[in-house]
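Let me begin by presenting the structure, written as structure tokens, before commenting on it.
The values are calculated or read from the model by the stated rules, or taken from the named source; none is laboratory data. In this text, all values refer to a predicted model and were calculated from it rather than measured experimentally. Here the Cβ positions follow ideal geometry from the backbone for every residue, glycine too, while neighbour counts run over all protein chains shown. Surface areas here come from the heavy atoms of the whole protein model, side chains and all, with no ligands, DNA or RNA. Shrake-Rupley method; radii C 1.70, N 1.55, O 1.52, S 1.80 Å.
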Amino acid sequence: MDACTILPVLKKKLAFLSGGKDRRSGLILTIPLCTEQTSMEELSTTLDYLLCIPSEKCKARGFTVIVDGRKSQWNIVKTVVLMLQNVIPAEVSLVCVVKPDEFWDKKVTHFCFWKEKDRLGFEVILVSANKLTRYIEPCQLTDEFGGSLVYDHLDWVNKRLVFEKFTKESTSLLDELTVINENEKGCQADKERSSECNILPSFDPETVLQTGHELLSELQQRRFNGSEGGGGGTAWSPMDDELLAQPQVMKLLDSLREQYTKYQEVCRQRSKRSQLEEIQTKVMQVVNWLEGPGTDQLRTQWGIGDSIRASQALQQKHEEIESQHSEWFAVYVELNQQIAALLSAGDEEDLMELKALQQQLSDVCYRQASQLEFRQNVLQSAHEFHLTAQDLSQQLDGLLGMLCADVAPADGAAIQQTLKHLEEKLKSVDGALQNLREKGQVLLDQMSTQTPFSYGKDVNIENKDNIEHIHSVMEDMQLRKQRCEDMVDVRRLKMLQMVQLFKCEEDASQAVEWLGELLDALLKTHIRLGDDSQETKVLLEKHKKFVDVAQSTYDYGRQLLQATVVLCQSLRCTTRSSGDTLPRLNRVWKQFTVTSDERQHRLEMAGAFHTAAEKVLRESPELAEMMVDVEAYEELDTMGKALLDRLTVPVIFPDGSEQFFGSPGDMASSAESIRDRMKLVEEKRFLQEEADQRLDDEALEAGPRET
């Protein structure tokens, strides 16, 4: 009978073995009756269980039964005492019925237990609680009888459950481990694995061993066997040392540890075999997938696409393939770590097999990884090639658009800027084409190094279409660039002519400005007529040179305007012409011509006047006696007056406008110089007339004398 099967009954504490002993070293069995009706059946069950705990030797000493009837009725006490006759008649030595004070006195006379001693087989005495110590030592009595023995019934029940559970589980586990270990030896000898070789124990050996060690610790502290000599402490089991509970637990633990050690070795061997088999299975799964579906996926992917979108689609497809491969590569990494761990701690018999598995797995994975990397590099190069081709195509389209657009610049600087931009575009196109050639060559080199085993030994990839496509793209871009270069040459020539046209127009306008500046300088600064003939002669020479400069400027402007006409005809620029530049040039030139002629005429008149005046005014002894013709004076006077009159006359341009030389003050200064010279001549004339008069008077006086 096990405690767990009658646990609810045991917890009712209908009877218990407190661990106390009578003076004969017999165990004390206590039956505490209560006010409630006691089930005789449950009490009988409890007694049966309690009596099966002590050993036969202990039972031979007999039991002292204490029937606590203080809270019960007499008829129940009598029933319990009689039941002892049927349950344990031979083991009971003495029954002490604890009575309530003066309660049963009248009823005892009706039934005397001592008269029934022969029939019952044991002695029954009625005793009050305070007189119970006459038969049992106080240290062997619990506190409800005034004793000092400590007893916790629930603790005893729990510890009893632990003991029985350990005994049952350890015995069962010991049998199972023995069977498992024996079967494992047979499986290793037969080299064949059967279902019997994978039997597992019903209980966890670690848990059972821990329970046994805790139980043994309790036994060694004498809590299991009770307190000896009435010592204090919790006594949760009534068993004596003679019950050999501690040796029994120790023996079970020793046997269990021995078998468990063997079982651990069995588990280690099982785990190793299981792990090896699992690794073999996973290795074959990885190898079969990589050499099967993985290789099939790569066999179908060999194109490079004909555009960026197509190459991106191929890259996306390749990424999907790589994603599937990465899952298997992760398994490979895990397997490689497991194999390395087994190699570092494996047996000699497993080393060769593990190394072979590791080598096979590594070869397949590295080969497949190189295939993926090669394919990724080809697709990346193809994408860069198509990207460069598209960029070059866009640049060529932009350049062609510039070349096809009409050129209508505002000035030469705008043309220069446009021409510079065009040259930069062409240079960028040339660099992009060179880059395309380099990208194409890289891609061609990669495809030329592609080995047949990359896609399987039985497959030979034809890259003819890919190679032709690469060459076709590069040749097409080369032709487009050449056409653009030819058009750039034509556009460059046209733009240079336009630059020249703008330059000619600009220089022609500059010539008109220069000519106007010369005219303005002629009118405002070329005023002096000279104080003598020599100075006038020098001024006249300078004037002629000044006129020559103006003539050269005018001729230069005419030539530039003629060049603009030729350039406009060459450029077929009918909307452009010399505009008002030619009329302005002609108008300024005519004004300059009239002004220069007037200036030259005035200088010539001044030169003639100064020459004649100097001839008259020459002071030489020989010339002093010479007679000056009166007509010469009159002519000189006429010339001076004519010159003075000329200075007051403005220059009249062809358009009818008038312009004076210099300021009025400048003209007055020039006129004053002429008047001063005329005044000297007039004085000379006066002196000569006086000399002539004296000569005439002297002649008249000489005539009468001769007569």
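Summary of values
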{"read-out": "Mean separation of Cα contacts under 8 Å, 6 or more apart, over the residue count of the range 17-64: relative contact order %", "value": "51"}
{"read-out": "Computed label-point distance, nm, for sites GLU214 and ASN183 using a 7 Å Cα→Cβ extension", "value": "3.0"}
{"read-out": "Mean separation of Cα contacts under 8 Å (6+ apart) over length of the range 636-707, as relative contact order %", "value": "24"}
{"read-out": "Other-chain or far-sequence residues with amide H under 5 Å of PHE660's (modelled H)", "value": "VAL651"}
{"read-out": "Spin-label pair THR171/LYS679, simplified geometry with 7 Å Cα→Cβ offset, distance in nm", "value": "17.3"}
{"read-out": "Compactness of the range 313-443, expressed as Rg and Dmax over alpha-carbon positions, Å", "value": "28.0, 95"}
{"read-out": "Solvent-accessible area per residue, Å², over the range 279-371 with all protein chains present [probe radius 1.4 Å]", "value": "54"}
{"read-out": "Relative packing of peptides 380-388, 142-150, 337-345 - highest average C-beta neighbours within 10 Å first", "value": "380-388, 142-150, 337-345"}
{"read-out": "Gained length - ASP531 relative to GLN478, 0.36 nm times residue gap less alpha-carbon distance", "value": "11.0 nm"}
{"read-out": "Solvent-accessible surface ranking, highest first, for LYS159, LYS427, LYS503 at 1.4 angstrom", "value": "LYS427, LYS503, LYS159"}
{"read-out": "Under 5 Å, built H, 5+ apart or other chain: amide partners of ASP68", "value": "ILE31, LEU33, VAL98"}
{"read-out": "Relative packing of peptides 536-547, 59-70 - highest average C-beta neighbours within 10 Å first", "value": "59-70, 536-547"}
{"read-out": "Integer Hz, Karplus 6.51/-1.76/1.60 couplings in order for the range 256-269, x for Gly and Pro", "value": "5, 5, 4, 5, 5, 4, 5, 5, 4, 5, 4, 4, 5, 5"}
{"read-out": "Apportionment of accessible area to carbon and sulfur, the range 290-441, percent (1.4 Å)", "value": "50"}
{"read-out": "Long-range amide H partners of GLY19 with built H, under 5 Å", "value": "ILE28"}
